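Q: Sharing a structure below in structure tokens format, with a few things to ask.
Rule-based calculations on the coordinates, nothing more; no lab input. This one's a predicted model, so the numbers in the text were calculated from it and none came from an experiment. For neighbour counting, all protein chains shown are included, and Cβ atoms are generated from backbone atoms with ideal geometry for every residue, glycine included.
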Amino acid sequence: MQIHTEPHSKSSFKKGLWWKIVISVVVFLGLGGLSGYATMSSIQDWYSTLNKPSFNPPNWLFGPAWTILYILMGGSFGIIWQVKAIGRYPIINRFAKRGLIIFGIHFILNLAWTPIFFGLQRPDIALIVILLILAFIIILIRHFFRLDRVAAFLLVPYLLWVAFATVLNISIVVLN
């Protein structure tokens, strides 16, 4: 059951939804970019020496894929931020706040995965982190679905990508 509807209605856009989405997208793209940039040399050196499965995508694909995913995450976060901002009932505000906190914890794990995998060169520890990320995404989608279905559905491509990345991470641990 959805407890809140339409934070992205016409009146919500006038009340700041666009700005919340733009701010969220810029922050997530910026932090995600910094995480990737900080470990770029390991990607070019160490990662290229690993045994990888046949379904490993080319390196150039990761940047555009993550850019799209961070944009979708920003949209989802911005919508829930708007739900929190315009919520008329305390229960909706608390539920939205809880969703934003869950999102924050998940995003810290997301940012930690890259330095652990590439910087520390520890795919085994990164596997534990990515499994936590996957669990948090499922929790987020379920939580956000009760607040706003659009916000929940924006996270589905991210769930699919991280599920694929989890299989890739497992394969790299097994092959190396």
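Q: So what's Rg/Rh here for the stretch 10-175, counting alpha carbon atoms and using the Kirkwood radius for Rh?
A: Ratio of gyration radius to Kirkwood radius for the stretch 10-175: 1.02.
Q: Only four residue types carry charge here, +1 at the Cβ of Lys and Arg and -1 at the Cβ of Asp and Glu. Report the dipole size of the chain about the Cα centre in Debye, rounded to the nearest 20.
A: Charge dipole of the chain: 880 debye, to the nearest 20.
Q: Sticking with this structure for a sec: Kindly rank 144-155, 43-54 from highest to lowest mean number of other beta carbons found within 10 Å of each residue.
A: For the peptides 144-155, 43-54, the packing ranking is 144-155, 43-54.
Q: In degrees from 0 to 90, rounded to the nearest 10, what is the angle of the helix 17-38 Cα long axis to the longest principal axis of the chain?
A: 10 degrees
Q: Could you tell me the distance between the Cα centroids of the stretch 46-110 and the stretch 146-170, to the nearest Å?
A: 8 Å
Q: In degrees, nearest 10, range 0 to 90: what is the angle between the Cα axis of helix 62-86 and the longest Cα principal axis of the chain?
A: Computed tilt is about 20 degrees.
Q: Using helices alone, what [θ] at 222 nm do you get for the chain, with -39,500 (n - 2.57) per DSSP H run of 4 or more residues, divided over all residues and rounded to the nearest 500?
A: It lands at -25500 deg cm²/dmol.
Q: I'd like the orientation of helix 123-147 relative to the chain: the angle between its Cα long axis and the longest Cα principal axis, in ° from 0 to 90, rounded to 10.
A: 20 degrees
Q: Further question: Which listed residue (L147, I101, V25) has the Cα farthest towards the positive end of the charge dipole for the stretch 10-175, taking +1 on Lys and Arg C-beta and -1 on Asp and Glu C-beta about the Cα centre?
A: L147
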